[in-house]
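Colleague: First, the structure itself, so that you have it in front of you.
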Amino acid sequence: AATRLLITADAGGSNGYRTRAWKTELAALAAETGLDITVCHMPPGTSKWNKIEHRLFSHISMNWRGRPLTSHDVIVNSIAATTTRTGLKVHAELDPDTYDTGIKVTDSDIDALPMHRHRFHGDWNYTLHPQPRDTTSAAKNPRSAGRPSPQPCTWRLRDPELTGMPEPALDELINQLAQKLDELREHRRLQQRGGERIRARGAGAKAKLTTADRVLATVLYLRKLGTRDLLAQLFGVNGSTLTRAVHHVQPLLAKHGYTIQPSTARFRTPADVTAFLANSSTAEIKSAC
């Protein structure tokens, strides 16, 4: 009568949190059994917290010590015969199936999984549902089928759940750094030109990121919400532009005594950020960008 299954796993190996085949096969198991499968990975370097290691494997090792493991039968029987005075019982059987190697799981395969990443470290904690993702909206609106996942508007990235600070505090930070950032930018352009301006300030190519966006992007980067490439997608620039912004803003943050604490939320795609913001209790929902 169970409807859910909880699995605790280490951070590495065949059941590691980075292993795509692990997630893909779990999704297949969820679809086959109808169970919601929740996985909680031990953080890297903390497998000593894994109770299974202490309560099961140690007794198995003691049970077969000194016995030559000469065949599969000896191994399976030694494991299955393990018991303790506190009531441990072990079931073991040999899996004779063969498993292909070298299977590639693409980004689109992972995106299609019915997987929900939890608010706290979604890379280590997630749930796979037995039903595929809802595609009814695409069916109702065929024009939307095949379009890239929706990306949140830049103003939505100011959400305190993402930045770790109220919007007034973020505005104060931007105002405090804006003048110095403009001065540094003007100084770099002076060095690139090798002389004074010929055209008036503001003429020519426009900056790809505004001063406010540069500060916001740096805050989100230091919050470790996702990769550099993900943040670049969210701001509509390439990775090099975002990296330059971080390199310019980060020293100023340190100089002014600002420490940005990492977030416990982790995102892999813009759609993950959009879904998170849609459920955010602090975000103000607006109808259009």
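The values are calculated or read from the model by the stated rules, or taken from the named source; none is laboratory data. These figures come from a predicted structure and were not determined experimentally. Virtual Cβ from ideal backbone geometry, glycine too; neighbours counted across all protein chains shown.
Colleague: Suppose we filter Gly12, Gly34 for residues that are closer than 29 Å to Thr82 by Cα and either crowded, with 18+ Cβ neighbours inside 10 Å or in contact (Cβ under 8 Å) with a residue 24 or more places away in the chain (or both); which single one remains?
Modeller: After ruling out the rest, the residue left standing is Gly12.
Colleague: Taking Asn50, is it in the same structural domain as Asp107 (by TED's automatic domain parsing) and over 14 Å from Tyr126 (Cα atoms)?
Modeller: Spelling it out, Asn50 is indeed in the same structural domain as Asp107 (by TED's automatic domain parsing) and over 14 Å from Tyr126 (Cα atoms).
Colleague: Could you grab me the full set of residues in the range 7-25 that are farther than 14 Å from Trp124 by Cβ and either of a type in the set (Asp, Glu) or under 18 Å from the mean Cα position of the chain (by Cα) (or both)?
Modeller: Arg20, Ala21, Thr24, Glu25
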